[in-house]
Amino acid sequence: GTAERLRGGAWAPLVQGDAVELGDHVRTPAGSRVKLLFRDDSVLTVGEGSELVIDQQVAGATPTSSFSLLAGKMRAVVNERYQAQGAAFEVKSPTAIAGVRGTSFIAGYDRGKDETQVVGLEHMTAVRSVADPQGVNGVLVGPGQSTTVRRGAMPSKPIMLSGAALQLLKTDTTAKEGRNPNASNTPGEPRLPRNPSERA
């Protein structure tokens, strides 16, 4: 599908190989998904009909990243570097904040319901309400578990999703690997890194 990036007050097409920067908004129309790879090797897959803002991204021994999910769904695969003391990786929606240290999860915000759903995929994901900044009433969501957070409310008790429901969410947040028309590799060959900060 297609994706767009908002920078400097104007939306423009986002194509494979483009860079995204702090403050950029990335959105996808219906039937489209986009995968974002960051310097710390964390990966965000933005589902269709979604909008994400890159608020903060600091690589290093104690990385710090934060993103705002304004609509739709996204999947985060977070590097183990975030297990370090002082490291932080957060995705904030209008109703909830999901924070992790080296794990993966799915978050979705439904504007119509004004509700956020967070689903754990690996390890534990900490979820709190934006109305509870200290996380006093936060919950931990394990693999396959889901919690929802409505505006002004605390996270619901985590429940285990059915296999079908979990698979549907995974499908909604999976982007097929595109092919860069400028790459010299033939189909089926692994693409080699083009610079020292890029992994194979």
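Miscellaneous remarks
- Helical mean residue ellipticity (222 nm; -39500 (n - 2.57) per DSSP H run of 4+; nearest 500) of the chain: -1500 deg cm²/dmol
- 3J(HN,Hα) from dihedral phi, region 160-170, Karplus parametrisation 6.51/-1.76/1.60, rounded to Hz, x for glycine, proline: 7, 7, 5, x, 5, 5, 5, 5, 4, 5, 5
- Here the Kirkwood formula puts the hydrodynamic radius of region 1-85 at 13.2 Å, using every distinct Cα pair.
- Nonlocal amide H pairs with VAL130, under 5 Å, H built at 1.01 Å: ALA96, ILE97
- Sum of side-chain charges, GLN56 neighbourhood, beta-carbon under 13 Å (Lys, Arg +1; Asp, Glu -1): -3
- The length gained on full extension between GLU21 and LEU37, counted as 0.36 nm times the residue separation minus their Cα-Cα distance, comes to 4.6 nm.
- At a probe radius of 1.4 angstrom, the accessible area of region 1-129 per residue rounds to 44 square angstrom.
- Once backbone amide H atoms are built at 1.01 Å from N, THR103 has VAL78 as its partners under 5 Å, excluding neighbours fewer than 5 places away on the same chain.
- Local electrostatic count, ASP110, Cβ distance below 15 Å [Lys/Arg +1, Asp/Glu -1]: 0
- A cut-off of 5 Å between modelled amide H atoms, ignoring neighbours fewer than 5 places along the same chain, links VAL58 with THR64, SER65.
- For the pair ALA61 and GLN134 in one chain, pulling the backbone fully straight at 0.36 nm per residue adds 23.8 nm over the alpha carbon distance.
- Candidate values (1) 28, 19, 17; (2) 32, 18, 14; (3) 66, 16, 12, label of the one derived for semi-axes √(5λ) of the Cα gyration tensor in Å: (1)
- Carbon/sulfur fraction of accessible area - the chain, other protein chains in place, 1.4 Å, %: 52 percent
- Per-residue Karplus couplings for region 31-42, computed as 6.51 cos²θ - 1.76 cosθ + 1.60 with θ equal to phi - 60°, are listed in order as x, 10, 9, 9, 10, 10, 10, 9, 4, 8, 6, 6 Hz, Gly and Pro entered as x.
- Computed from label points 7 Å out along Cα-Cβ, the spacing between ILE159 and GLU80 is 3.6 nm.
The values are calculated or read from the model by the stated rules, or taken from the named source; none is laboratory data. Model, not experiment: these values are computed from the prediction. Positions of Cβ are generated from backbone atoms using ideal geometry, with glycine treated the same way; all protein chains shown enter the neighbour counts. What goes into the accessible areas is simple: the full protein's heavy atoms, side chains included, and nothing from ligands, DNA or RNA. Shrake-Rupley method; radii C 1.70, N 1.55, O 1.52, S 1.80 Å.
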